[in-house]
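J.: Questions regarding the structure given below will be posed in turn.
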Amino acid sequence: MSDIVGLLCLKRAKQGGNSSWSSAVSVHNELLRRGRQDLVEELAKDQWYLDRKGEIPEGKLPYYRIPIVNYHQGYLSVNYSATYYELAQRHPEVPRLTAKQKEALQYFNALARSDDLRMDWTLEPGDIQLLYNHTMLHNRTAFTDHEDYNERRHLLRLWVSPQGDRQLPQCYADLWGSIASGSRGGIICPGAQLTIPIEAE
């Protein structure tokens, strides 16, 4: 988790691994334009559980609760990771997704992936991608890598928490470790080592 996520492409995969981006604000606004305020309200409820996928900070549960759509101090911040909601269903104490929640996820997904709102791109060596995580949705396709280890797909990821960035609502604190701009996000787990792998993993 980070305010800004950056990727520097050093080597691309043999096939696939293409990026797709959509504006979360545009998806939100399109839902409203289509008369689905009911789904926007559903996405803004404090009822969404996400799986931590094994990155569990000390003293925390293996999942957390945070609305998908958050309005705070005049800003819209969207915290959307479709597979994380579905994966959280493996925990018996997490409430089952309702029919309305499933409809909201499916509609949101369909709009985000639509040709009208989605941009596709293949990162080439030397390309840098910088995305603002609170307003951008991003995804990539599966890929087939080169057999030659020296030619394998290799991207460097950078997580940035800029000073003076927008304020986030308190519900982000459980996930981000802090909501203070300039010092929030990242992997906050016991024994986590920050590394910059120069060789492809």
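The values are calculated or read from the model by the stated rules, or taken from the named source; none is laboratory data. Predicted, not measured: the structure shown is a model, and the values here were computed from it. Reconstructed Cβ throughout: ideal geometry from the backbone, glycine too, with neighbour counts over all protein chains shown. Side chains included, ligands, DNA and RNA excluded: accessible areas come from the protein's heavy atoms. Shrake-Rupley method; radii C 1.70, N 1.55, O 1.52, S 1.80 Å.
J.: Grab the other residues whose beta carbon is less than 15 angstrom from that of VAL40, score K and R as +1, D and E as -1, and report the net.
T.: The answer is -1.
J.: Relative to the compact-globule scaling 2.2 N^0.38 Å, provide the ratio for the alpha-carbon radius of gyration of the chain.
T.: 1.08
J.: May I ask you to list the aspartates and glutamates whose Cα is less than 20 Å away from that of LYS14, ignoring any residue fewer than eight positions away on the same chain?
T.: Correct list for LYS14: ASP120, GLU124, ASP127, ASP145, GLU147, ASP148, GLU151, GLU199, GLU201.
J.: Pull out the extension gain between GLU103 and HIS91, defined as 0.36 nm times the separation in residues minus the alpha carbon to alpha carbon distance; nm, one decimal.
T.: Working it through step by step, the gained length comes to 2.2 nm.
J.: Something else about it: Pull up all non-local amide H partners of MET136: gap of 5 or more, or a different chain, and H-to-H distance under 5 Å with H placed in the peptide plane.
T.: Amide H neighbours of MET136, under 5 Å, 5+ apart: ALA24.
J.: Can you give the FRET efficiency for TYR75 and LYS53, using 1/(1 + (r/R0)^6), R0 = 22 Å, r = Cβ-Cβ distance, to the nearest 0.05?
T.: 0.25
J.: So which residue, out of ASP120, ASP148, ASP165, gets the largest mean-square fluctuation from a GNM of the chain using Cα contacts under 10 Å as springs?
T.: Looking only at ASP120, ASP148, ASP165, the biggest GNM fluctuation is shown by ASP148.
J.: So what's region 36-126 giving for Rg/Rh, alpha carbon basis, Kirkwood Rh from the mean inverse pair distance?
T.: Here the Rg-to-Rh quotient is 1.03.
J.: Could you pull the Rg and Dmax for region 125-178, using just the Cα atoms, both in Å?
T.: Radius of gyration, then largest Cα-Cα span, for region 125-178: 16.2, 47 Å.
J.: ASP46 to ASP116: extension gain in nm, 0.36 nm per residue of separation minus the Cα-Cα distance?
T.: Net length gain for the segment: 22.3 nm.
J.: Let me ask something else about it. What does the accessible area per residue of the chain come to in Å², with a 1.4 Å probe and no ligands, DNA or RNA counted?
T.: 57
J.: In addition: Take THR83, project a point 7 Å from its Cα along the Cβ direction, then tell me which residues of region 114-145 have their backbone nitrogen under 13 Å from it.
T.: Counting only backbone N, you get 138-143.
J.: Between helix 99-112 and the chain, what is the angle of the helix's C-alpha long axis to the longest principal axis, kept within 0 to 90° and rounded to the nearest 10?
T.: Helix 99-112 sits at roughly 40 degrees to that axis.
J.: Sticking with this one: Hey, what does the equivalent ellipsoid look like for region 1-78, semi-axes from the Cα gyration tensor as sqrt of 5 times each eigenvalue, largest first, whole Å?
T.: 27, 22, 12
J.: Can you compute the FRET efficiency between LYS60 and THR135 using 1/(1 + (r/R0)^6), with r the Cβ-Cβ distance and R0 = 35 Å? Round to the nearest 0.05.
T.: Taking R0 as 35 Å, the efficiency between LYS60 and THR135 is 0.85.
J.: While we're on this one: Could you calculate the contour length gain from LYS14 to ARG34, that is, 0.36 nm times the residue separation minus the distance between their Cα atoms, to one decimal place in nm?
T.: Residue separation times 0.36 nm, minus the Cα-Cα distance, leaves 3.2 nm.
J.: Shifting gears a bit: Add -39500 (n - 2.57) for each DSSP H run of 4 or more in the chain, then divide by its residues: what number comes out at 222 nm, to the nearest 500 deg cm²/dmol?
T.: That calculation yields -5500 deg cm²/dmol at 222 nm.
J.: Oh, and also: So which residue, out of LEU158, LEU117, LEU61, gets the largest mean-square fluctuation from a GNM of the chain using Cα contacts under 10 Å as springs?
T.: Sorting by GNM fluctuation, first place goes to LEU61.
J.: If you bin the C-alpha pair distances of region 39-84 every 5 Å from 0, what whole percents do you get?
T.: P(r) over region 39-84, rounded to whole percents: 5, 20, 26, 22, 15, 10, 2.
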